[in-house]
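The block underneath contains the structure these notes are about, expressed in structure tokens.
The values are calculated or read from the model by the stated rules, or taken from the named source; none is laboratory data. Remember, it's a predicted structure, so these values are computed and weren't measured experimentally. Cβ sites come from the backbone with ideal geometry, for glycine too, and all protein chains shown count toward neighbours.
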Amino acid sequence: MSQLSTSTKTEKDPIMIVKEINDQLEIIPNYLTKQNIAFKMLMYQALSSITTTTTEKLNSDRNELRKIAILLYKIMVIQTYQYLWKIYFKSGTGLPSETKQQLSYRTTLSIWPKEIKAIVLSNKKDTTNENEICLKFADDHLYALQHQLKQYQQELNIKANNFQGYTLSIQEIIITYIEQNLNSSLSKKIKHQVELIHYDYHIRALKLEYFQHKPNEYQKQLMIQICQNQYEQETSEQEYELLKQKIAYHNFPSQSFECSIISHHPLIDSIQNLTVQEALKKQFKEVAIQSRITLFNMYLKSAEDQREEYKKKHEANIKKINASQHTLNKNEKLSPK
């Protein structure tokens, strides 16, 4: 990665994508530290099959096994970023992920993700060979990642071979542990980035297909309006469903009034007369529950109204567009396709 940083200083110094990977490799996560209880238990489980003679030997084995775990972590980080960069490369070379869905537009187009173009072309005055520049940039990163991966794998092989009693089953225990923690952070983040690359590719490919029909300015604006209406409708639908899920969650027994912070009010708890205290608590609970129900219903009604408003707006615009197709002149009409 340091070689890559040096060779690409003309593009951007420092390159944020390279820095992101380096930072991830440099920082040892908490779940691999000596103080982490889960990691201590993992070390105990892994070393239980190895016979040790002294405490000193046991401590030495723990240290070596931790170094192996850190190497495995770094290998898995590199492989995660390789997955991301292969998708960058595929997008730029017109080879997005395969889909069984029958598409009405080409997916063999070279469409470089925006973040790649932004970094590569930030200091480039001449963008004539934009595709070649992006291609070299992505290819260099893939090469650097592969080179770094080989180095870590070689280092791992040396440490594993020098570790008496080290087995593949021990390695699998460590890998499973790292995967569980990595999937909740980095892997999830990278998968999200990959999804965005796919969505962006298909949106831009569809847009290019639309422009192949040489739409005039009116038709371009019309399509922007249709897409914006569709987006608003879809977003309001998702927000409505999310709100229903949130309300359902707050109606679980674990989220009941008795489990909430406000159920114990200092003023009420300070009342010495238990009969009065219980009566006030009961009244307080009824008011709180009713207020929450009212509030939830208000949120739901607001979200439902917004959803219906966008739905009607979208349907009205589609009707308007369909009706206008009969009155527009030939140059303004949208083609059936």
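The figures follow:
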| item | result |
| --- | --- |
| From K285, K333, residue being basic (K, R), outside the structural domain of A248 (by TED's automatic domain parsing), surrounded by 11 or more Cβ atoms within 10 Å (Cβ to Cβ) and farther than 24 Å from T235 by Cα | K333 |
| Complete set of residues in region 32-91 that are small (G, A, S) and touching a helix residue (DSSP H, G or I) at 6+ places or on another chain (Cβ under 9 Å) | A38, A46, S49, A69, S91 |
| Residues being assigned to a loop (DSSP other than H, G, I, E, B) and free of Cβ contacts under 8 Å to residues at least 60 places away in the same chain - total across region 162-171 | 0 |
| Residue within region 80-92 that is under 26 Å from the mean Cα position of the chain (by Cα) and among the basic types (K, R) present | yes |
| Matching option when the condition is over 27 Å from L32 (Cβ atoms) and either crowded, with 17+ Cβ neighbours inside 10 Å or in contact with a strand residue (DSSP E or B) (Cβ under 7 Å, 6 or more places away or on another chain) (or both), among I203, I174, I170, I197 | I197 |
| Within region 293-337, tally of residues that are of a type in the set (S, T, N, Q) and closer than 23 Å to A248 by Cβ | 4 |
| Some residue of region 44-64 being modelled with pLDDT under 85, surrounded by 12 or more Cβ atoms within 10 Å (Cβ to Cβ), of a type in the set (K, R) and assigned by TED's automatic domain parsing to the domain that holds H141 | yes |
| Of all residues making up region 266-282, the number that are under 27 Å from H250 (Cβ atoms) and surrounded by fewer than 14 Cβ atoms within 10 Å (Cβ to Cβ) | 6 |
| Residue selected from region 288-337 under the condition β-branched (V, I, T) and at pLDDT below 85, by the criterion nearest to Q245 (Cα to Cα) | I289 |
| Residue pairs meeting the criteria (Cβ under 6 Å; at least 6 apart or on separate chains; first over 12 Å from L109 (Cα atoms), in region 189-215; second surrounded by fewer than 16 Cβ atoms within 10 Å (Cβ to Cβ)) | H213/S335 |
| Subset of region 172-231 [in contact with a Lys or Arg (Cβ under 8 Å, 6 or more places away or on another chain) and of a type in the set (D, E)] | D200, E209 |
| Complete set of residues in region 1-40 that are at pLDDT below 80 and not in a helix (DSSP H, G or I) | M1, T8, K9, T10, E11, K12, D13, P14, I15 |
| Where Q151 falls short, out of the listed (1) without any contact (Cβ under 8 Å) to a residue 60 or more places away in the chain; (2) touching a helix residue (DSSP H, G or I) at 6+ places or on another chain (Cβ under 6 Å) | (2) |
| Unmet criterion (only one of (1) under 30 Å from I68 (Cα atoms); (2) exposed (fewer than 13 other Cβ atoms within 10 Å of the Cβ)) for K114 | (1) |
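Residues checked against (1) touching a His at 6+ places or on another chain (Cβ under 6 Å); (2) in a helix (DSSP H, G or I):
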{"position": "D139", "(1), (2)": "no, yes"}
{"position": "I173", "(1), (2)": "no, yes"}
{"position": "Q180", "(1), (2)": "no, yes"}
{"position": "A205", "(1), (2)": "no, yes"}
{"position": "P215", "(1), (2)": "no, no"}
{"position": "Q233", "(1), (2)": "yes, yes"}
{"position": "S236", "(1), (2)": "no, yes"}
{"position": "Q245", "(1), (2)": "no, yes"}
